[in-house]
Amino acid sequence: MTDRETIAVYDARASDYAGLDPSGTPSDTLASFIADLPTGARVLDLGCGPGTSARHMVRAGCAVDAIDASVAMIELASAIEGVTAWQASFDDITGTAIYDGVWANFSLLHARRADLPRHLSAIHTALKSGGLFHIAVKEGTGEGRDRLNRHYTYYTEADLTDLLQQAGFTVGPYRRGRDKGLSGEETDWISVTAHA
């Protein structure tokens, strides 16, 4: 993600964002993702935020690389024992067959629609054969900014499936939900775990 306005919001509101998920246990989606990984899996937490998901993965025995474009988020994630975190953008994903899993939970939705195919291709290359890729986005169409001035790209299930398949992924079943985020607005979301 390179949208300066979006990054500025996360830098300013990192602590508020961290407070949105005070749970000491992983979500059902994250728990399933972890359960499907091999023992001692190496995982990329892409757009890690304050490190909430990374913490759960480390506790489960995963080796976690966590990246985020927000310096404030990286400071929070880096404070978690066992989490290696650094500032980077989606365009910094490099390497071949490095990861057993990539967790992109409500992060790639900040990328421009035109950029997503490039990012998905890089993720597919970085995953080992059969590796897991979790992606969660807000459901809908178009692109725009929320009331906090963060940039979002919205996807339908058909849109996301097509993009994932074009990048070489085998798409699994979708999950759906509706939640209130940092902006206070309730929005519909979809997520899926795909295989490289």
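The values are calculated or read from the model by the stated rules, or taken from the named source; none is laboratory data. Model, not experiment: these values are computed from the prediction. Here the Cβ is made from the backbone with ideal geometry for all residues, glycine too, and neighbour counts use every protein chain on show.
Tabulated results
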item	result
Residues of region 132-162 that turn out to be under 16 Å from the mean Cα position of the chain (by Cα), at pLDDT 95 or above and either closer than 21 Å to S89 by Cβ or of a type in the set (A, V, I, L, M, F, W, C) (or both), as a count	11
Qualifying residue in region 35-48 (condition: more than 26 Å from R176 (Cβ to Cβ), free of Cβ contacts under 8 Å to residues at least 60 places away in the same chain and within 14 Å of the chain's Cα centre (by Cα))	no
Single unsatisfied condition, W189 versus (1) exposed (fewer than 14 other Cβ atoms within 10 Å of the Cβ); (2) over 19 Å from V43 (Cβ atoms)	(1)
Region 169-183 residues that are over 30 Å from R13 (Cα atoms), paired with ones that are polar (S, T, N, Q) (beta carbon under 7 Å, 6 or more apart)	V171/T161; V171/Q165; G172/T193
Long-range neighbours under 8 Å by Cβ, at least six apart or interchain, first residue assigned to a loop (DSSP other than H, G, I, E, B) within region 184-196, second modelled with pLDDT under 95	G184/R147; E185/D146; E185/R147
Single residue of region 101-115 satisfying the filter (hydrophobic (A, V, I, L, M, F, W, C) and part of a loop (DSSP other than H, G, I, E, B)) that is surrounded by the fewest Cβ atoms within 10 Å (Cβ to Cβ)	F106
Qualifying residue in region 160-173 (condition: hydroxyl-bearing (S, T, Y) and out of contact with any strand residue (DSSP E or B) (no Cβ under 7 Å at 6 or more places or on another chain))	no
L132, sole failed condition from (1) crowded, with 20+ Cβ neighbours inside 10 Å; (2) part of a helix (DSSP H, G or I)	(2)
Filter result for the condition that a residue is over 20 Å from R4 (Cα atoms) and in contact with a Gly (Cβ under 6 Å, 6 or more places away or on another chain), over L132, L120, L127	L132
Restricting region 145-173 to residues that are assigned to a helix (DSSP H, G or I) and of a type in the set (D, E, K, R), the residue that is farthest from H119 (Cα to Cα)	E157
Residue list for region 154-172, filter: more than 20 Å from S129 (Cα to Cα), buried (at least 20 other Cβ atoms within 10 Å of the Cβ) and aliphatic (A, V, I, L, M)	L160
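For (1) under 24 Å from P26 (Cα atoms); (2) of a type outside the set (V, I, T), each residue gets a yes or a no:
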position	(1), (2)
L116	no, yes
T125	no, no
R175	yes, yes
G184	yes, yes
I190	yes, no
